[in-house]
1. Suppose the filter is under 60 Å from the mean Cα position of the chain (by Cα) and modelled with pLDDT of 80 or more; does Leu453 pass it?
2. Residues of segment 82-127 being charged (D, E, K, R) and either free of Cβ contacts under 8 Å to residues at least 12 places away in the same chain or within 24 Å of Gln159 (Cβ to Cβ) (or both), which ones?
3. Just to be sure I understand, how many residues within segment 313-338 are surrounded by 15 or more Cβ atoms within 10 Å (Cβ to Cβ) and under 16 Å from Asp371 (Cα atoms)?
4. How many residues does segment 339-351 hold that are open to solvent by 40 Å² or more (accessible area, probe 1.4 Å) and touching a residue at least 24 places away in the same chain (Cβ under 8 Å)?
5. Filtering segment 456-483 down to residues that are in contact with a helix residue (DSSP H, G or I) (Cβ under 9 Å, 6 or more places away or on another chain), open to solvent by less than 80 Å² (accessible area, probe 1.4 Å) and part of a loop (DSSP other than H, G, I, E, B), which residue is modelled with the lowest pLDDT?
6. Take Glu351 and tell me if it is outside any helix (DSSP H, G or I) and more than 30 Å from Leu249 (Cα to Cα).
7. Please go through segment 276-301 and pick out each residue that is over 8 Å from the mean Cα position of the chain (by Cα), surrounded by fewer than 18 Cβ atoms within 10 Å (Cβ to Cβ) and among the hydroxyl-bearing types (Ser, Thr, Tyr).
8. Do you know which residues across segment 423-448 are loosely packed, with under 14 Cβ neighbours inside 10 Å and part of a helix (DSSP H, G or I)?
Amino acid sequence: MLESAPSQASSTAGVCSVVTSDYSSVTKERAAMHPPSCDAESSLQELFGYFNRCLQHGEWELASACVQQLVDSTGGLSEHLQDIVKAIVTYPYLLQWESVGSPHKLAWFWLQILEKRTKQQVPPTIRRELEFLLLLEELGDDVPGTVLKELHQAFVDTQLERKSPGTQRTNVTLGAGVESCLQGLMETKRPRLAQALAQFLQGPSGEHTLQHIFIRFTMDSVGKLGPEQAEEGRMEKICSVLAVMPWSLERGGGQLEALCEALWTARDGLLWEERVLSALTRPHCHGLLSLYCSTALRLHRDHLLRDSPTTQGDLPEAVKLLLSLSCHEDRPSVWKTIYFECLSSGKHFLEQVLVTALDLVKREEFSWLEDLLKAEFQPLSRLLLLLGWTQCQSLSSAETLLRILHHQQAVANDSVLREFANSLSTQLGVLKWCATNHPGISVEALVAQLHTLDNHSALYVLHSLTPLAQFDEHRVLNLLQQLPRTLEAG
């Protein structure tokens, strides 16, 4: 057991000595002056004397049974009792603590009584140090005393910094024994004990001195994972450490990001990503979970971009990513990536698909457009035809766009869009007839009419682009008779 005392030890030792010796003589004098009777005041004096005798003999349960009645008394006994209990909490080492296991456990026992029966509070520093000393006792006899003293000294330094928050923080350097102790706790599946130590050694501004030990242990464990089912125990150990690991971006941002990368790399083995996410989820704190998700999204993006065909050329990265997603066979993974992409960009996934498709139309990358729309996004084809029609810069590109987004598509619940696409297809045939029969039409004029086909009739297009009076009447009539009635006149 680590022999340590709170800072008020010297000032309270005298009070404890009064508990162990002087009160017996005081009780005898009072007993002589007040013989036993039914008088209430005399009964309280006798009870107070009995309380002191119980303290001297280490009969803690009997002594605690006297507290409530003495606390409610008058005449100074209540204040006297509270001073005694506070003295025991502050310096329990001179009392007979063997029956409860340690002086710190005895102090904790009376601390609970003090707070429950008297509603009094000890200074927070005393309570915190007592909790820390009890925690050191939980480490057991297998931890060397030098390591316990080193941990206690680091705790004392942290407490001094809390008392003087304006002072510059000194870097607490802990020896190899402390690191070995913490790794041993995590290795023996006692990570919460290691976490409690780290919390007590936390600096006044929230930084964690021992964070790197948790990160290093976890990364080493992840690196040792194999495919065998025997690694199930190691995987549970990793998740239990992740669930309690202290963290601070200011102190270990680079290390934490490296840890997230290692966890993401190991996701295809026994260390399922769902279990990692569950371990990283903390109540009222999503920082570590957000860091992992952002790292996983970045790595997954890079992975998909590396696997994408090299013929994509100089397409923007967002376009390449969406094309890679559309061609990837692991659809659940694809949709998870799309979900996180939407969260990070603030855009709906349909908006991202349409923007990407319009960019491909503008670049006339029609083969990639087919790949983008061949899976779940196929119902967007005719809508994209409507939105991307003005991006066509030639009759051939418009014809290709109609073929991909309309003629090759199955019938769906888009009758309005299908009717519009049929109209564009017919009007495009009129434009091609004009270009064939009147070669002098400029490309600019054809493109201008192409972009406004849905606003004019076939007769208007013929009149605008060709000298109708110079053509054979039967040829023009045959063309118009092949058109739907809605397109013949405008």
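The values are calculated or read from the model by the stated rules, or taken from the named source; none is laboratory data. Please read all numbers here as calculations on a predicted model, not as lab measurements. Using ideal geometry, Cβ is built from the backbone for each residue, glycine included, and neighbour counts are taken over all protein chains shown. Heads up: the accessible areas ignore ligands, DNA and RNA and are worked out on the full protein's heavy atoms, side chains in. Shrake-Rupley method; radii C 1.70, N 1.55, O 1.52, S 1.80 Å.
1. yes
2. Keep residues of segment 82-127 that are charged (D, E, K, R), which gives 83, 86, 98, 105, 115-117, 119, 127.
Lys86, Lys105, Glu115, Lys116, Lys119, Arg127, listed by residue number.
3. So the count comes out to 13.
4. We begin by selecting, within segment 339-351, every residue open to solvent by 40 Å² or more (accessible area, probe 1.4 Å); these are 339-340, 343-351.
Those left that are additionally touching a residue at least 24 places away in the same chain (Cβ under 8 Å): 340, 344, 350.
Residues flagged as open to solvent by 40 Å² or more (accessible area, probe 1.4 Å) and touching a residue at least 24 places away in the same chain (Cβ under 8 Å) within segment 339-351 amount to 3.
5. Per the criteria, the residue is Leu483.
6. Working: outside any helix (DSSP H, G or I): no; more than 30 Å from Leu249 (Cα to Cα): yes.
No, not satisfied.
7. Answer for segment 276-301, where residues must be over 8 Å from the mean Cα position of the chain (by Cα), surrounded by fewer than 18 Cβ atoms within 10 Å (Cβ to Cβ) and among the hydroxyl-bearing types (Ser, Thr, Tyr): Ser278, Ser294.
8. Filtering segment 423-448 down to residues loosely packed, with under 14 Cβ neighbours inside 10 Å leaves 436, 439-440, 442-444, 448.
Those that are loosely packed, with under 14 Cβ neighbours inside 10 Å and part of a helix (DSSP H, G or I): Thr436, Val443, Glu444, Ala448.
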